[in-house]
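Colleague: Sharing a structure, written as structure tokens. Questions coming.
The values are calculated or read from the model by the stated rules, or taken from the named source; none is laboratory data. Computed from a predicted model, the values in this text were never measured in an experiment. Here the Cβ positions follow ideal geometry from the backbone for every residue, glycine too, while neighbour counts run over all protein chains shown. All accessible areas refer to the heavy atoms of the entire protein, side chains included, with ligands and DNA or RNA removed. Shrake-Rupley method; radii C 1.70, N 1.55, O 1.52, S 1.80 Å.
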Amino acid sequence: MTRRAQVVAVGTALPERRLTNADLEKMVDTNDEWIVSRTGIRERRVVEPGTPLSALAAPAAEECLRKAGVSAADIDGIICATITGDHVMPATANLVQDRIGATKAWAYDIANACNGFVAALATASAFVSSGGADRILVIGGDVMSSVVDYTDRNTCILFGDGAGAVLVEAGEGDNGIRGFKLGSDGSFGKLLSIPCSGSAMRPSDEAVAAGAHFLKQEGREVFQHAVRRMSQVATQLLEKLNLKADAIDLLVPHQANRRIIEPTARRLGLPMDKVVINIANVANTTGGTIPLALASAEADGRLTTGTRVMLVAFGGGFAWGACYLTWGRG
Ligand code: ACO
């Protein structure tokens, strides 16, 4: 029997508060028509200021464990993919470990921006398939409202807050993770960055006055790379696995922009009814987009045990990745 890393359940948590396009019209020079036609986004959820990521990550993890029928005490490890953790130290995964009572679990964060969830899933898969762990919680989430400049119309319309979690568990059936492909090109790091967020720039009154603690993006250039890299990495993964596009029942892409997702699907030769798009109501939650999209597909009845799924993401770094899996236990 082959030992596989199976993805057996997903849980999510979203803040109550909705920030609609109409709300943003009162904050910056924008309008609903522009935002919907350029991005597909109608509203996003945002936390009350000061609410940390762990306040979303812990309930998402708990919902995931409840759905999986697994106790927190039986988890071996927790990986949290985020760029807006509660702190640089301690890691948000450590805080979740304490909060949910995962007493025997090790825990750490992965910072890989919008590709963070795929990168964390790859790490968990390697642990579980090699016998290094039996159950790992993979959390993806961000409180993007903590790094978004709500006076910058180029970026503030794009992002929201939210978190999701999946349980990766050892199994010996046919389902499970079949393969990964990850990539990066650090030469484009400056096109999507938060300048004052680490050792490169010490926080100061000047840095804050210049808005250096906010996310900066060269949107048009990032857009072009995103379309190319997402379709390319998914194609490369299919080739590596010796599969064709008809082996994909569901494409679950990172939700940055509807106009990035549609050409990605087209280049893969997939009809839109095989693509999950939930960006209209939750926007880009960075580490959270893929688990939130998985949960929305499950709620619609499109993701069930045995569904063949391609996850694909692209984001700051640049970093990108794809994962092919068959959902559920069994
Ligand atoms: N409302 C109205 N007008 C706007 C707005 C707005 N909110 N934002 C920009 N505009 C204007 C611009 O100023 C520009 O005006 P100009 O032509 O007079 O200069 C015009 O609209 C067109 O701007 P573009 O940047 O060309 O618009 P584009 O169609 O490229 O859409 C967008 C911008 C939505 C940001 C798009 O480029 C995008 O989605 N980029 C990629 C985002 C992404 O994938 N990020 C990666 C993941 S994020 C992560 O890793 C954390």
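Colleague: Only one of these is surrounded by 17 or more Cβ atoms within 10 Å (Cβ to Cβ), modelled with pLDDT of 95 or more and within 11 Å of the ligand (Cβ to nearest atom): Cys114, Cys80. Name it.
Modeller: Being surrounded by 17 or more Cβ atoms within 10 Å (Cβ to Cβ), modelled with pLDDT of 95 or more and within 11 Å of the ligand (Cβ to nearest atom) holds for just one of Cys114, Cys80, which is Cys114.
Colleague: Right, here's the next one. Does the range 283-292 include one or more residues that are under 28 Å from Ser54 (Cβ atoms), open to solvent by 10 Å² or more (accessible area, probe 1.4 Å) and small (Gly, Ala, Ser)?
Modeller: No, that holds for no residue.
Colleague: Next question. Which is open to solvent by 50 Å² or more (accessible area, probe 1.4 Å), assigned by TED's automatic domain parsing to the domain that holds Ser187, within 16 Å of the ligand (Cβ to nearest atom) and basic (Lys, Arg), of Lys216, Lys244?
Modeller: Only one candidate passes the filter, namely Lys216.
Colleague: Pairs only if they're at least six apart or on different chains, beta carbon under 8 angstrom, first in the range 22-42 and over 18 Å from Val282 (Cβ atoms) and more than 9 Å from the ligand (Cβ to nearest atom), second open to solvent by less than 50 Å² (accessible area, probe 1.4 Å) and not small (Gly, Ala, Ser); list them, first residue then second.
Modeller: Close Cβ pairs satisfying both conditions: Met27/Cys156.
Colleague: Tell me yes or no: at least one residue of the range 138-160 is in a helix (DSSP H, G or I), of a type outside the set (Val, Ile, Thr) and surrounded by 24 or more Cβ atoms within 10 Å (Cβ to Cβ).
Modeller: For the range 138-160, residues in a helix (DSSP H, G or I), of a type outside the set (Val, Ile, Thr) and surrounded by 24 or more Cβ atoms within 10 Å (Cβ to Cβ): present.
Colleague: In addition: Would you mention how many residues in the range 220-240 are surrounded by fewer than 14 Cβ atoms within 10 Å (Cβ to Cβ) and either more than 9 Å from the ligand (Cβ to nearest atom) or farther than 21 Å from Arg266 by Cβ (or both)?
Modeller: Result for the range 220-240: 2.
Colleague: Separate question: Checking the conditions here, which among Leu182, Leu137, Leu192 is within 17 Å of the chain's Cα centre (by Cα), modelled with pLDDT of 95 or more and away from the ligand (no atom under 16 Å from the Cβ)?
Modeller: So the residue among Leu182, Leu137, Leu192 that is within 17 Å of the chain's Cα centre (by Cα), modelled with pLDDT of 95 or more and away from the ligand (no atom under 16 Å from the Cβ) is Leu137.
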